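Here is the structure we will look at, set down as C-alpha cells.
Please treat every number below as a calculation from the coordinates, not as lab data. Because the structure is predicted, anything quoted here is derived from the model rather than measured. Note: ideal-geometry Cβ built from the backbone for every residue, glycine included; neighbour counts use all protein chains shown.
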Amino acid sequence: MKPKPEDIQYQNQVIKTALINEANEKIAVLQDIIDLDMQESNEEEQLKQWKKYRILLTRVDASDVNAVFPEKP
C-alpha cells in the first residue's frame, strides 16, 4: 500500500524538525567553544558548516512529497 501524500508530508516535517533541533544543539556547543576561546583544530569551520546546513534545512519544503534533505556536515 502506497503512503498517502499527507502522511509523507507529515513525516517530512517530523524529520525536518528533528534535523533542525540536532543542528541547533551542535551549533550551540560549537558557538560556546568559540566564544570561550576553547576551540581545537577545525571547530570554527565545523560551526560554519553546521550553520550552512541549518539554513539549507530551513529551505526544505516539507510539503513536497519528494523533499530532499541536505547531508549533515
In the neighborhood of residue 67, defined by Cβ-to-Cβ distances under 10 Å, what is the net charge if each Lys or Arg adds +1 and each Asp or Glu adds -1? -1
Any idea how far apart residue 13 and residue 36 come out in nm if each label point goes 7 Å out from Cα toward Cβ? 3.7
Using θ = phi - 60° and the Karplus curve 6.51 cos²θ - 1.76 cosθ + 1.60, what whole-Hz ³J(HN,Hα) does each residue of region 20-33 get, with Gly and Pro shown as x? 5, 4, 4, 4, 4, 5, 4, 5, 4, 5, 4, 5, 4, 4
HN-Hα J in Hz across region 56-71 - Karplus 6.51, -1.76, 1.60, θ = phi - 60°, x for Gly and Pro: 4, 4, 5, 8, 5, 8, 5, 7, 7, 5, 9, 4, 10, 9, x, 6
Here the alpha-carbon Rg of the chain over 2.2 N^0.38 Å rounds to 1.36
Find which of 69, 1, 50 sits farthest along the positive direction of the dipole of the chain, computed with +1 on the beta-carbon of Lys and Arg, -1 on that of Asp and Glu, about the Cα centre. 1
